[in-house]
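**Student:** Below you will find the structure I want to go over with you.
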Amino acid sequence: MRLSDLPKGAAAVVDRVEDAHAEDPIAQRLRDLGFVEGEPVRLVARGPLGADPLLVQIGSTRFALRRSEAARISVRMEAA
Amino acid sequence: MSADTLRIALVGNPNCGKTALFNQLTGGRQKVANYAGVTVERKEGRFLAPSGRVLQLLDLPGTYSFDANSPDEQITRDVCEGRYPGEAAPDLIVCVADATNLRLHLRFVLEVKRLGRPVVLALNMMDAAKRRGIAIDVPELQRLLGLPVVETIAVKRGGAKALIDRVDGDIPVAAPAEADDAASRAGLHEQVRTLMAATVSMPRATAAIDDALDRWALHPVFGLGILAVLMFLIFQAVFSWAKPIMDAIQDGITSLGVWVTAALPADSALHSLLNDGVFAGLGAVLVFLPQILILFLFILVLEESGYLPRAAFLLDRLMFKAGLTGRAFIPLLSSFACAIPGIMATRSITDPRDRLTTILVAPLMTCSARLPVYTLLIAAFIPSRTVGGIFNLQGIVLFTLYVVGIISALTVAWVIKRFRKDKSEHALLMELPSYRMPHVRDIALGLWERAKIFLRRVGGIILALTVLLWFLSSFPGAPEGATQPAIDYSFAGRIGHLLQYVFAPVGFNWQICIALIPGLAAREVAVSALGTVYAMSGTDDAVASQLGPMIAQTWTLPTALSLLAWYVFAPQCMSTLAVIRRETNSWRNVALTAGYLFGLAYLASLVTYQVARALL
């Protein structure tokens, strides 16, 4: 599933970041920020209008990502 | 430059405290705040190390990666790689990392290490790390990284001692340079994980207090409520807190004026210059110092606390719909102080077109120079009534003017978006920092800097223009047997009467028309100019110190409202236009900005005046 589909408060593990198109700088930046295979992430909050942007915690860092950005990141839910 | 000067560059992720360290080391007063992207330029400073060597320090914009996305990140990359025009590569790189956020920051440390230059790692915010129970095995980290590692607390006096001692010693041996490509880059995360596992233990990934605060601050309903209340409170405070101090300043200036001019003959030119020019003109602007400082008190506290990126988070969707990015929030908020730092802060916006849109609408944010104009008119024309039990009507009107500015900015941005052919996607990707208790000392310093800037303007450009205006309003003198006040025959009077042909439809009298011209240089001058013009037209000295009551008697309410509407848009600020020219390198953008703002200002005033006249 995609990071953008996670319910609020849910934790998951990053699978990979997919390029939305060739030479996608946004995808590259996401990888640089630590969205790489095996990293645990959590969806902390969602914006008040249209549930956009999303607040994602990765490691000790909170990043605000728009839905379209978060949709590039595929994740798997942790077996609780 | 002597061979003894060691050139050191400070690099690191955004908001890790590079500038705070820079200030600590050089005694500088560069702006620091709690959000990513405060520093957008390279800044230089020097300090004398204990050994007697002079160390030259470069403060660089923060970046997550050398794969630069925005103009400010590019500067950092170019300087580190020795490709910045006119500048050799630094002798030593001090890589600063936030000790509470090493998982993110260590990756960039590894990227810096691969440059193959001497690097020292400064683990900053060690105090916050200790408070949160984060334990870092520094010797082990140093061994695994192969770099000297020192601990710093940039915000504490003496907190950079270990760093000073280290950079003052021998230059560490550089690691071998490595190629930078996508494949090797992916491997960096693996290395970070190994390092983290071996050297860092954290009881909790985030601070519990941050999570608790964010539950409220980012809540879909309460979050927006808190933001609205906060903004509203600021404008209430600007009016109600400042009043007693402003009255005291006003009385002081009046007494000083009477005392100074008492010795001079009442009909001499010098008496008129001091009384009508300096005291009426400058005094009219000076009384607004308390209001400006109260506004900045709030802005500084918000900046330091880390709340601003939260506000950007809440408003991103709205701004995105309007064709802006959430990242534009901080430059636009800075524009409430002054559009110039606001426009410079747009350098942290990745996309050039997003950046241009933000620059074009930044002047619509109500800068603090407009505050004197607004509050003069509001105090004169809007009754100080309590509405709904707690709200001051004057505060509500001021708040409304700010809101109109914001809505106009969003509308203009939306129109620009319509005309833009390119629809490609632009990222938000914004980090939300930990909350921090603002330091009283930093806030006090920030306010002091602001007060100095304001007083320098009053003593410099505003004084010069006021004297010039006094001259234009005094000469040539009235002919024999003149029936009107002397100013009607002066240069200024003639210019004002000429301009009135253009501005009569929007309800401006000739006195306002005169004041608009020096207001081009600095908006506050419009107030001092009105002070001078009215003091010159009146025969009574008391008028000189009481501009507010004077215009309340002579202007109609539609005229006052029309002038307020004018100043929401008012394109009149040469410095803003100059900085737009510099930042966009295009006269076309300058003409575009000045043109559309003038058009909107005229239109808004016209509608306001005609509607108000029809209704009232």
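Derivation of every value follows stated rules applied to the coordinates shown; laboratory data play no part. Predicted model, so just to flag it, every value in this text is computed and none were measured. Note that we place each Cβ from the backbone using ideal geometry, even for glycine, and neighbour counts take in every protein chain shown.
**Student:** Rounded to the nearest 20 Debye, what is the dipole magnitude of the protein assembly as shown about its Cα centre when Lys and Arg each give +1 and Asp and Glu each give -1 at the C-beta?
**Tutor:** Value, rounded to 20: 840 debye.
**Student:** What is the antiparallel percent of DSSP beta bridges lying wholly in the protein assembly as shown, to the nearest 5?
**Tutor:** 65 percent
**Student:** If you don't mind, there's one more thing I want to ask. Could you tell me the convex hull volume per residue, in Å³, taken over the Cα atoms of the range A:3-77?
**Tutor:** Taking only Cα atoms, the range A:3-77 has a hull volume of 77 Å³ per residue.
**Student:** Here's something else I'd like to know. Got a sec to turn the phi values of the range B:53-65 into Karplus ³J(HN,Hα) couplings, 6.51 cos²θ - 1.76 cosθ + 1.60 with θ = phi - 60°, whole Hz, x for Gly and Pro?
**Tutor:** 7, 8, 9, 9, 10, 10, 9, 10, x, x, 8, 7, 6
**Student:** Could you pull out every residue, at least 5 positions away or on a different chain, whose amide H is within less than 5 Å of the one on residue B:17? Hs are placed 1.01 Å off N in the peptide plane, and Pro or chain starts have none.
**Tutor:** Close amide H contacts, sequence-distant or interchain: none at all.
**Student:** How shielded is B:267-278 by partner chains, expressed as the average number of their Cβ atoms within 10 Å of its Cβ atoms?
**Tutor:** 0
**Student:** Same structure, new question: From the phi angles alone, apply the Karplus equation (6.51, -1.76, 1.60; θ = phi - 60°) to the range B:240-256 and give each ³J(HN,Hα) in whole Hz, x where the residue is Gly or Pro.
**Tutor:** Going residue by residue, I get 7, 6, 7, 3, x, 5, 5, 4, 5, 5, 4, 5, x, 5, 4, 4, 4 Hz, with x marking Gly and Pro.
**Student:** Based on the inverse mean of 1/r over its pairs of different Cα atoms, what is the Kirkwood hydrodynamic radius of the range B:255-318, in Å?
**Tutor:** 15.3 Å
**Student:** I need the trypsin sites (Lys or Arg not before Pro) found in the range B:179-262, filtered to DSSP loop residues with at most 12 other beta carbons within 10 Å of theirs.
**Tutor:** Counting only loop positions with at most 12 other Cβ atoms within 10 Å, the trypsin sites (Lys or Arg not before Pro) in the range B:179-262 are B:204.
**Student:** In sequence order, what are the phi-derived ³J(HN,Hα) couplings for the range B:67-84 according to the Karplus relation 6.51 cos²θ - 1.76 cosθ + 1.60 with θ = phi - 60°, rounded to whole Hz, with x for glycine and proline?
**Tutor:** These are the phi-based 3J(HN,Hα) values: 7, 5, 9, 10, x, 6, 5, 5, 4, 4, 4, 4, 5, 5, 8, x, 10, 6 Hz.
**Student:** Which of B:454, B:491, B:122 sits closest to the plus end of the dipole of chain B, meaning its Cα is farthest towards the positive end, when Lys and Arg get +1 and Asp and Glu get -1 on the C-beta?
**Tutor:** It is B:122.
**Student:** While we're here: How far is it, in nm, from the label point at residue B:219 to the one at residue B:598 when both lie 7 Å from their Cα along the line to the Cβ?
**Tutor:** Each label point lies 7 Å from its Cα, and together they span 5.0 nm.
**Student:** Just the number, please: percent antiparallel of the DSSP beta bridges in chain B, rounded to the nearest 5.
**Tutor:** The antiparallel proportion sits near 35 percent.
**Student:** Moving on to the next point. If each residue of separation counts as 0.36 nm, what is the full-extension length gain between residue B:263 and residue B:441 once their alpha-carbon separation is subtracted?
**Tutor:** Taking 0.36 nm per residue and subtracting the Cα distance, the gain is 59.7 nm.
**Student:** Label residue B:587 and residue B:184 with points 7 Å out from Cα along Cα→Cβ: what is the distance between them in nm?
**Tutor:** Here the modelled spin labels are 4.7 nm apart.
**Student:** Sticking with this structure for a sec: Show me the GluC sites (Glu not before Pro) within the range A:1-71 that DSSP assigns to loop and that have at most 16 other Cβ atoms within 10 Å of their Cβ.
**Tutor:** Sparse-neighbourhood loop GluC sites (Glu not before Pro): A:18, A:23, A:37.
**Student:** Pull out the extension gain between residue B:137 and residue B:500, defined as 0.36 nm times the separation in residues minus the alpha carbon to alpha carbon distance; nm, one decimal.
**Tutor:** So the extension gain works out to 123.2 nm.
**Student:** Give a quick list of trypsin sites (Lys or Arg not before Pro) in the range B:349-419 that DSSP marks as loop, anything other than H, G, I, E or B, with at most 13 other Cβ atoms within 10 Å.
**Tutor:** Qualifying residues, ordered by number: B:385.
**Student:** Now a separate question. Under the rule of at least 5 residues apart or a separate chain, name every residue whose amide H is placed under 5 Å from the amide H of residue B:46.
**Tutor:** When sequence neighbours closer than 5 places are left aside, the close amide H contacts are B:57.
**Student:** If the cut-off is a Cα-Cα distance under 29 Å, which lysines reach residue A:8, setting aside same-chain residues fewer than 8 apart in sequence?
**Tutor:** B:321
**Student:** Would you give the gap between the C-alpha center of the range A:18-80 and the C-alpha center of the range B:254-310, rounded to a whole Å?
**Tutor:** 50 Å
**Student:** Let me confirm one metric for peptide B:316-323, namely the mean number of other chain beta-carbon atoms within 10 Å of its residues' beta-carbons.
**Tutor:** Mean shielding by partner chains, rounded to a whole number: 4.
**Student:** In degrees between 0 and 90, to the nearest 10, how far off the longest principal axis of chain B does helix B:182-199 point, with axes built from Cα atoms?
**Tutor:** With both axes taken from Cα atoms, the answer is about 80 degrees.
**Student:** Still on this structure, I have one more. If you build the convex hull over the alpha carbons only and average its shadow over all orientations, what do you get for chain B? Give it in nm² to one decimal.
**Tutor:** Averaged projected hull area, Cα only: 32.3 nm².
**Student:** What longest range of chain B stays clear of loop-exposed GluC sites (Glu not before Pro) (DSSP non-H/G/I/E/B, at most 15 other C-beta within 10 angstrom)?
**Tutor:** No qualifying site falls inside B:179-424, the longest such stretch.
**Student:** With a 10 Å radius around each residue's Cβ, average the other Cβ atoms per peptide and rank B:165-177, B:591-603, highest first.
**Tutor:** B:591-603, B:165-177
**Student:** Extension gain residue B:613-residue B:353, at 0.36 nm per residue separation less the Cα-Cα distance, in nm?
**Tutor:** Length gained between residue B:613 and residue B:353: 89.5 nm.
**Student:** Sticking with this structure for a sec: Under the definition of partner shielding as Cβ atoms of other protein chains within 10 Å of a residue Cβ, what is the mean value for peptide A:41-52?
**Tutor:** 6
**Student:** Sequence-distant or interchain residues sharing an amide H contact under 5 Å with residue B:431, placed H: which?
**Tutor:** Answer set, sorted by chain and number: A:64.
**Student:** How long are the semi-axes of the equivalent ellipsoid of the protein assembly as shown, defined as square roots of 5 times the Cα gyration tensor eigenvalues? Whole Å, largest first.
**Tutor:** 52, 29, 22
**Student:** About its Cα centre, how strong a charge dipole does the range B:231-313 have in debye, to the nearest 20, once Lys and Arg get +1 and Asp and Glu get -1 at the Cβ?
**Tutor:** Here the range B:231-313 has a charge dipole of around 240 debye.
**Student:** Also: Using alpha carbon centroids, what distance separates the range B:547-605 and the range B:169-195, in Å?
**Tutor:** First find each Cα centre; the distance between them is then 53 Å.
**Student:** Moving on to the next point. Quote the charge dipole size of chain B about the Cα centre in Debye, to the nearest 20; the model charges only the Cβ of Lys and Arg (+1) and of Asp and Glu (-1).
**Tutor:** In total the dipole reaches around 940 debye.
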